[in-house]
Each structure stands twice: as C-alpha cells, then as structure tokens.
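The values are calculated or read from the model by the stated rules, or taken from the named source; none is laboratory data. From a predicted model like this one, the values you see are computed outputs, not experimental measurements. Cβ placement follows ideal geometry from the backbone for every residue including glycine, while neighbour counts extend to all protein chains displayed.
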Amino acid sequence: MEKKEAEEQEPGQVVNPWTVSAKGGGKIDYDKLIDQFGCQRLDQSLIDRVERLTSRPPHVFLRRGVFFAHRDFNEILDAYERGDKFYLYTGRGPSSEALHLGHLIPFMFTKYLQDTFKVPLVIQLTDDEKCMWRNLSVEESQRLARENAKDIIACGFDITKTFIFSDFDYVGGAFYKNMVRVAKCVTYNKVVGIFGFSGEDHIGKVSFPPVQAVPSFPSSFPHLFNGKDHLRCLIPCAIDQDPYFRMTRDVAPRIGYHKPALIESSFFPALQGETGKMSASDPNSAIYVTDSGKDIKNKINRYAFSGGQDSIEKHRQLGANLEVDIPIKYLSFFLDDDLELENIKKEYGAGRMLTGEVKKRLIEVLTELVERHRQARAAVTDEMVDAFMAVRPLPSMFS
Ligand code: TRP
C-alpha cells in the first residue's frame with residue numbers, strides 16, 4: 001500500500017546541482033534534459049569542426065558523446081578561428097577526501113582543452129559552498145579544498161597557464177564587486193525558481209549563486225586578465241551545474257559582460273547501473289582514485305551491473321544487452337582504442353565474449369588509470385599547491 005502511494009507520486013526526472021534522479025529509477029533522459037534546460041546538442045558537425053581547427057583527433061569524451069550538450073560553444077570556436085583567445089573555467093565543491101572516477105571526468109577533459117587550445121584556466125574550489133550545504137566546518141572545508149587541489153593538479157595541468165583558488169581565500173576585491181553586480185540583478189523569486197530553495201533554507205544558500213557565477217567574467221581576475229574584459233569564457237562541467245550558468249548567462253549582458261559558453265557532460269554511472277550519478281555515501285557504488293588494485297577487481301567483479309545472460313548457454317545464444325551493461329559503459333569512457341572497443345562490443349553483444357572477459361579488460365584499464373593517478377598525486381607537494389594557488393600573473397598563458 002505504502003509502496004503504491006510512493007509510485008503514484010512518482011516525481012519526474014530531477015537534475016540540479018544537489019539531486020540527480022531519473023524518472024522511476026530508470027535512466028536519465030538526456031534529450032529531455034536538453035529541451036528542458038534549453039541547451040544545444042553537441043552534434044557531429046561541431047566535433048568535426050574541433051578536429052579541423054585543432055588538427056588533433058577529438059578527445060574520447062567527445063567521440064563517445066560523454067560531453068553531449070553545449071551553449072555557444074560554436075562561438076568559442078568562431079573566436080578561436082579568428083585568432084581570438086578565450087579562457088577556461090571549471091571547479092569542484094570539495095566535499096570528500098577521495099575523488100571517484102566521475103569526479104575526474106571534467107578535469108581530464110579540461111586538461112585536453114587546455115593543451116589543445118593553449119589557453120589559461122581558472123579552477124574554483126567552492127569550499128564555502130560545501131561548508132554551507134554539507135555539515136562541514138569552515139576549517140574542514142578549506143582543508144578538503146587543499147586535498148582536492150592535489151588530485152586536480154595530478155591530472156596534469158600546466159602551472160604556467162592555471163590558477164586554482166579557494167573561495168574562502170580569494171573572494172574579495174574585483175571578484176566581490178562582480179558578485180554584487182550579479183546579486184543586484186537576481187530577485188529572490190528568480191533564485192527560488194532556478195534552484196528550488198524553500199523558506200527553511202538558510203540565507204547562505206540563497207546568496208551563494210553569484211560566487212559560482214562570477215569566475216565567468218575576466219574582470220574577476222585582474223592579476224590575469226587586466227584590460228582583457230572582452231575575453232570569452234568556456235566552462236566545461238557536468239550538466240547538473242547548468243542552473244548556475246543559466247542564471248549567469250541571463251545576467252551577463254545586463255552588466256555589460258559576455259555570456260560564458262558551456263560544454264556539458266552526462267553523468268558517470270554507478271557500478272550498480274545507470275540511474276543517476278554515483279553516490280559518495282555508498283563506497284561500493286563507485287571506484288575511487290584511492291582504491292587498490294584488489295579493491296577495483298573486487299568491486300567490478302561483484303557489483304558492476306552486467307547485461308550478460310544468466311547462463312553460458314543462454315549467453316552464447318542471445319548475447320549481452322549492451323544498453324544496460326556497466327563494464328561496456330565504463331570502457332566507453334576510459335578505453336581509448338576505438339577499434340578494440342568496437343570489437344569487444346561486437347563479440348560480447350553476439351555472445352562470443354563472456355561478461356568475465358569484458359570485466360577482466362575493464363579491471364586492467366581502470367587499475368592502470370588509478371595507478372597512474374596515484375603516482376601523479378604522490379608527486380604533488382604542498383609547495384606545488386601553494387604555487388598553483390598563488391595570486392600571480394601567468395606570463396605564458398596564451399602561448
Ligand atoms: N558547484 C560545483 C560542485 O559542487 C563546483 C564548481 C564551482 C564548478 N564552479 C564550477 C563546477 C564551474 C563546474 C564548473 O562540484
């Protein structure tokens with residue numbers, strides 16, 4: 001009876017910075033999200049254009065549709081083609097000590113964009129945000145921000161082109177002036193409409209969105225972009241962050257700034273299946289960058305949802321359902337080799353390859369990735385964190 005009632009009250013799909021849940025526990029409907037948010041699909045012609053302009057194969061996350069939506073990305077490419085520069089802005093809310101694979105995706109992709117387009121990058125650590133939303137003290141949030149900065153640096157960003165900042169340290173001056181300019185343009189009703197705050201939410205939440213908005217404007221970084229007020233900004237992010245930037249884009253022209261462009265990803269699915277994004281509260285739902293080879297093997301073998309059949313005979317006969325198979329999904333994020341992936345899909349889909357064999361390949365791929373990350377992170381010293389976070393000019397940022 002109770003269950004039935006819950007089903008009847010089935011809410012639709014909810015995607016915002018705090019909740020990602022699909023309708024009826026199913027898959028996120030990304031086409032619907034594009035319509036609902038009013039962003040554009042990142043189609044093949046745009047991907048081909050990236051390849052033409054950069055003379056490099058497009059990143060696997062572009063080829064496989066991980067980054068699938070955008071706003072004005074074509075305008076960034078127009079600017080680049082004319083020889084105009086732009087800068088990148090991304091961020092992380094430091095809510096946990098260890099990152100999982102899903103957290104790495106925007107940073108891996110941002111690194112590709114930085115290397116390929118040779119542009120500066122600002123990375124916001126919203127320690128203030130997580131302090132207000134999670135039950136964390138100011139000090140603990142700031143500590144986590146520095147810890148997470150090490151993982152971010154381990155992704156390989158170029159220190160001569162990258163500025164990482166914590167809100168607690170950096171908010172003030174020109175950045176704060178922009179926050180006030182934004183805040184004056186957004187009514188309480190508007191912020192409630194976009195983010196769904198209620199009368200019970202504390203006022204810190206209501207006042208936060210301008211903090212995430214203003215890194216989109218070059219004048220928030222006078223030590224980097226003094227006199228370059230018309231520099232365009234491109235934001236790589238997961239699509240749950242779109243509400244912040246809808247607000248930002250709405251306000252920008254009213255205060256004399258360009259709207260930031262966006263390139264947006266889908267969510268990395270949980271091991272148990274593709275029904276949303278991974279949950280930080282269930283350690284068995286995700287692979288963490290701190291997992292050992294043994295943990296990875298164990299988690300994939302025990303928890304990764306399989307589209308294979310229950311018995312070998314049935315599997316040989318019917319083949320695997322690739323649509324729901326998590327090992328295939330994970331390989332499509334992290335196995336670079338297009339031919340190998342195609343071959344695995346063909347053989348597994350036809351039942352000639354078994355789930356165990358696909359999982360074995362995935363375990364190899366992820367163990368190597370996590371081990372590479374572990375080594376890179378171990379090499380990041382406190383001095384390097386200070387260096388990335390120092391308020392300083394970046395002399396070679398456009399070359
Ligand atoms: N709110 C984001 C989070 O919780 C962090 C963030 C700040 C961000 N600025 C951003 C993410 C810009 C993407 C792009 O993780």
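Would you say Phe61 is within 27 Å of Asp229 (Cα to Cα), touching a strand residue (DSSP E or B) at 6+ places or on another chain (Cβ under 8 Å) and buried (at least 16 other Cβ atoms within 10 Å of the Cβ)?
No.
May I ask you to list pairs of residues, at least six apart or on different chains, whose Cβ atoms are under 6 Å apart, with the first in region 14-40 being not assigned by TED's automatic domain parsing to the domain that holds Ile194 and the second being surrounded by fewer than 16 Cβ atoms within 10 Å (Cβ to Cβ)?
Here the result reads none, with nothing in region 14-40 linked to a residue that is surrounded by fewer than 16 Cβ atoms within 10 Å (Cβ to Cβ).
So which of Pro215, Pro253 is modelled with pLDDT of 95 or more and surrounded by 21 or more Cβ atoms within 10 Å (Cβ to Cβ)?
It is Pro215.
List the strands (runs of 3 or more DSSP E) inside region 83-199, counting only whole elements, that have at least 2 residues being polar (S, T, N, Q).
162-166
Scan region 317-327 and tell me whether some residue there is within 30 Å of Thr160 (Cα to Cα) and either acidic (Asp, Glu) or exposed (fewer than 12 other Cβ atoms within 10 Å of the Cβ) (or both).
So far as region 317-327 goes, no, none of its residues is within 30 Å of Thr160 (Cα to Cα) and either acidic (Asp, Glu) or exposed (fewer than 12 other Cβ atoms within 10 Å of the Cβ) (or both).
Condition test on Lys228, is it surrounded by fewer than 21 Cβ atoms within 10 Å (Cβ to Cβ), within 16 Å of the ligand (Cβ to nearest atom) and not in a strand (DSSP E or B)?
So Lys228 fails the test.
Within region 356-398, track down each residue that is of a type outside the set (A, V, I, L, M), more than 22 Å from the chain's Cα centre (by Cα) and assigned to a helix (DSSP H, G or I).
Result: Gly356, Glu357, Lys359, Lys360, Arg361, Glu364, Gln375, Asp382, Glu383, Asp386.
Given the conditions (1) closer than 25 Å to Val391 by Cα; (2) part of a helix (DSSP H, G or I); (3) away from the ligand (no atom under 12 Å from the Cβ), and given that Gly204 satisfies all but one, which numbered condition is not satisfied?
(1)
Identify, by number, the condition in (1) touching a strand residue (DSSP E or B) at 6+ places or on another chain (Cβ under 6 Å); (2) under 25 Å from Asn298 (Cα atoms) that Asn321 doesn't meet.
Answer for Asn321: the failing condition is (1).
Every residue in region 51-82 that is touching a residue at least 40 places away in the same chain (Cβ under 8 Å), more than 18 Å from the chain's Cα centre (by Cα) and not in a loop (DSSP other than H, G, I, E, B), please.
Selection gives Thr54, Glu75, Ile76, Ala79.
Considering only helices (runs of 4 or more DSSP H) fully contained in region 270-354, which possess at least 1 residues that are under 30 Å from Val14 (Cα atoms), modelled with pLDDT of 95 or more and in contact with a Lys or Arg (Cβ under 7 Å, 6 or more places away or on another chain)?
Once the helices (runs of 4 or more DSSP H) in region 270-354 are filtered for at least 1 residues that are under 30 Å from Val14 (Cα atoms), modelled with pLDDT of 95 or more and in contact with a Lys or Arg (Cβ under 7 Å, 6 or more places away or on another chain), what remains is 293-303, 326-334.
Only one of (1) touching a Phe, Trp or Tyr at 6+ places or on another chain (Cβ under 8 Å); (2) within 16 Å of the ligand (Cβ to nearest atom) fails for Glu147. Which number is that?
(1)
Within region 83-103, how many residues are within 13 Å of the ligand (Cβ to nearest atom), surrounded by 21 or more Cβ atoms within 10 Å (Cβ to Cβ) and of a type outside the set (Ser, Thr, Tyr)?
Total meeting the criteria: 8.
In contact with a helix residue (DSSP H, G or I) (Cβ under 9 Å, 6 or more places away or on another chain), closer than 30 Å to Phe86 by Cβ and either in contact (Cβ under 8 Å) with a residue 60 or more places away in the chain or not charged (D, E, K, R) (or both), is that true of Phe197?
Spelling it out, it is not the case that Phe197 is in contact with a helix residue (DSSP H, G or I) (Cβ under 9 Å, 6 or more places away or on another chain), closer than 30 Å to Phe86 by Cβ and either in contact (Cβ under 8 Å) with a residue 60 or more places away in the chain or not charged (D, E, K, R) (or both).
Pick from Val186, Val211, Val171: which is more than 14 Å from the ligand (Cβ to nearest atom) and touching a residue at least 40 places away in the same chain (Cβ under 8 Å)?
Only one candidate passes the filter, namely Val186.
Report yes if some residue within region 41-55 is surrounded by 16 or more Cβ atoms within 10 Å (Cβ to Cβ) and within 15 Å of the ligand (Cβ to nearest atom); otherwise report no.
Scanning region 41-55, I find no residue that is surrounded by 16 or more Cβ atoms within 10 Å (Cβ to Cβ) and within 15 Å of the ligand (Cβ to nearest atom), so the answer is no.
Across region 231-241, which residue is surrounded by the most Cβ atoms within 10 Å (Cβ to Cβ) among those that are within 10 Å of the ligand (Cβ to nearest atom) and in a helix (DSSP H, G or I)?
Gln241
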